[in-house]
Structure formats: structure tokens, C-alpha cells
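J.: Dropping the structure in here first, questions after.
The values are calculated or read from the model by the stated rules, or taken from the named source; none is laboratory data. It should be emphasised that the depicted structure is a prediction, and the values quoted were computed from it without experimental measurement. Cβ sites come from the backbone with ideal geometry, for glycine too, and all protein chains shown count toward neighbours. Protein only, heavy atoms only, side chains kept; ligands, DNA and RNA dropped before computing areas. Shrake-Rupley method; radii C 1.70, N 1.55, O 1.52, S 1.80 Å.
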Amino acid sequence: MARKRVVVLYGGRADEHSISCVSAAGVLNAIDTDRYEPIPVGITKDGRWIVGGEDPRRWSLDDTQLPTVQVTEGSRPVILDMARGGDGFMVGDHDDLVSGPDSLKADSSQSSGSLEPLGHVDAVFPVLHGPYGEDGTVQGLLEMMGVPYVGCGVFASAACMDKHYTKILLSQAGIPVAPGITIDARDRLSGVDLKAAVEEAGLHYPLFVKPSRAGSSFGVVKVEETGADALAAAVDEASGHDWRILIEEGVDGREIECAVLAPDREGEPRTAWPGEVVLDRTDQDEAFYDFDSKYVDSSASHVEVPADLPDETLSRIRALASRAFKAVDATGLSRVDCFVTAKGGIIVNEINTLPGFTPISMYAKAWEASGVTYTDLITELIEGVSA
């Protein structure tokens, strides 16, 4: 049986670029090469698609410097011919990386700037996090090409990338979310105005101020003071990532994450045992589970699956995660992050349509604890769209 050819997309223009690179390393090292021929395609931080660059299989978060996709002497640009579908992945010459896409010639008989096929592609696994990868943009591109791809579709990807609209969809479905308001940073509201808006909404401190369309805790600030200056400073920080800002009431509860899997777009979603990231470091003033705690400082936290909660609570989390997954029209995979209060209440915080996908990420660890290996997880996801 011929192996299916699967493009693994990684890198990208988002702040989560390096995390995507490490996730791709995990996928490429674990993919079943008896069934699939993986084709690594990197995307640089300025948006150029390349093949033949540095081998991503060697990358890890243990490296002294976070990995990035770079144009190298041996790399070649990837150009898409939208009308050719799975045969529309074309490769240019090295000189094209210097002179730019305008130099490319579609006529392969020309020796300078010519294109050649990368070969037929059966499916794409976009291991991309954040904007320009997890937000529906790449998904729309692949939809236009008619190429099957792993993960959520355009609508769910776009809606879940924007926390404001995620909350609207969940609320309409009767799913509890944290109290909060959304503001437009372009309105240049003063600290006094912001404080008044918070008071009018009846929000209680501490507050979390976060960009609506950013991931991995980028730009998220915890505000414990009731003063206008602290609130204004937090909004200013968040506005560096997005002009739409959420100001949410802090939830006094444990953050529990539930992995959801639906490789067959027609089938019912399955849920893994919910897990919890437990912070181990108490010597730092950790306001919340931030980017460094998640990805950089391995001593800062560890994953526990299943979370140390009653079975009844774990079952309710799984049921609510499945409801949330359906409410946003998700497919493929997602991680539904919840808060569990001391009284057993469950609030959905957000939905990640392409969560961290390294072998030690919560998503993979949760399914491993639920009886699905990392390699089998990858296989299910690919088979679900390329069968």
C-alpha cells in the first residue's frame, strides 16, 4: 500500500512560532512512517514557506535558544498553485528566496526562477498555533485548494481564536463563562473610564486583562489593585497584541483542561481524562500560569492526568467539554480549558483548536492516560480527513 503524503506545516507568523516548531518536532518523530510520508514545510516569521531548511526533528524546548524557521543555503521556497489542489504545492529555486516571489516563473523550462512540483499531497497537518495558523486563515487557504487538513474548520478556528466571540457562542449554548466585558483599545479609554466600566459591570477583583486574539498567555495581566493606573497599564500591555481587550473577573478555582477528539467530522467527539497543570514553583510571584511556566521553565510545573478530582466532577467536565466543542462547530481536535470552583461549579475559560502538541503537552498526555498513544493519536487525526 502506497504511503499517504502529509505536509506538516510549522512555524508561522504568530508569537507561538517556536512552540509550533517544537510541536512539529514531536509529530515528525512520532508519525507512523510505514503509513505516511511526512513532508516538513516551515513558515518563517515573515510568512515565507520553505522546504529543506533546518531539520525540525532535532528541535526541543530544552535547547538554549528557542527554535525558529530560517531560510538556509539548502532551503527552497514553496509556492502554492491554488487551482491544482493536492498537486498545487510547488518548489522554487534557492535564488528565489533572495530575489522574492516576483522572480518566480511558472514555465519550468526556464532555468532561473523555475518551479517544480513537490508531489501530490494527500493531507496537511497544520501544527500551527495562534494567529495566521490557528485562526482560520490557513484553513481557508486549504479549503480553497480542496486539500484535506487536520483540525477545526474556518469558522471554529476563527471563533475560538477570538475569546470575545468564543464567550458569545458558549453563552448562547447555555455554557457558563467568566463574567467580563470587552473594550476597544483604539478608543483610548483613560484609567478612570476603565475603572468606571468595570464597576458598572459589577466585576470583582482580581481581574484578568487579556487580548482577545492571542494565545499562550501573551499580553495577559492580572490586576489585583482597584486603582485606575493599574488597570490602564494592564490594558496598555494587552493592546500590544490586539485592540480588542477582555477584562474578566478572576475565577477562584482550579484550571482543568479536557482534550477532545473527533477525527471523523461526522462522528461524535470523544473526551480524554481531564488533566491539571500543577505549579511547582512558589519562589516566584507567579500571577498565573504564564508562557514561561508553560513552555520554558521545566521546573515550574508538571501535568497530572486525571486531575485529582472526584469521578463525578471529572465526568461533568468531560460532558461540558463535549458540549462546548459542538457549540463552536469544532472538528478534529481541541482542548477545552475550564475552571472548577471549590463548590464544584464548572466554567469554560477558552477553547484551543490546535493546542500544544508535543509528546509532553497536556493534549497528548491526556490521551495517553486515556489509552491512546501519541503515534495512534496522530494516525487517527490524519485518517479522519484523508481516508
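J.: Read through the list (1) modelled with pLDDT under 85; (2) open to solvent by less than 20 Å² (accessible area, probe 1.4 Å), then give the number of the only condition that L314 fails.
T.: Going through the list (1) modelled with pLDDT under 85; (2) open to solvent by less than 20 Å² (accessible area, probe 1.4 Å), L314 breaks only (1).
J.: Criterion first (modelled with pLDDT of 95 or more and within 13 Å of the chain's Cα centre (by Cα)) does V121 satisfy it?
T.: So V121 fails the test.
J.: Taking the conditions exactly as written (modelled with pLDDT of 95 or more, closer than 28 Å to D242 by Cβ and surrounded by 22 or more Cβ atoms within 10 Å (Cβ to Cβ)), does A14 satisfy them or not?
T.: Against the criterion (modelled with pLDDT of 95 or more, closer than 28 Å to D242 by Cβ and surrounded by 22 or more Cβ atoms within 10 Å (Cβ to Cβ)), A14 does not qualify.
J.: Another question, then. Is one or more of the residues making up region 33-42 farther than 15 Å from L115 by Cα, of a type in the set (D, E) and open to solvent by 70 Å² or more (accessible area, probe 1.4 Å)?
T.: Yes, region 33-42 contains a residue that is farther than 15 Å from L115 by Cα, of a type in the set (D, E) and open to solvent by 70 Å² or more (accessible area, probe 1.4 Å).
J.: Then there's this: How many residues does region 128-160 hold that are within 22 Å of E383 (Cβ to Cβ), in a helix (DSSP H, G or I) and touching a residue at least 24 places away in the same chain (Cβ under 8 Å)?
T.: Result for region 128-160: 4.
J.: Shifting gears a bit: Go through region 358-380 and give me each residue that's in a helix (DSSP H, G or I) and among the hydroxyl-bearing types (S, T, Y).
T.: Listed by number, the residues that qualify are Y363, Y374, T375, T379.
J.: E249 is checked against (1) under 20 Å from P131 (Cβ atoms); (2) open to solvent by 40 Å² or more (accessible area, probe 1.4 Å); (3) among the charged types (D, E, K, R) and fails just one. What number does that condition carry?
T.: Result: E249 fails condition (1) only.
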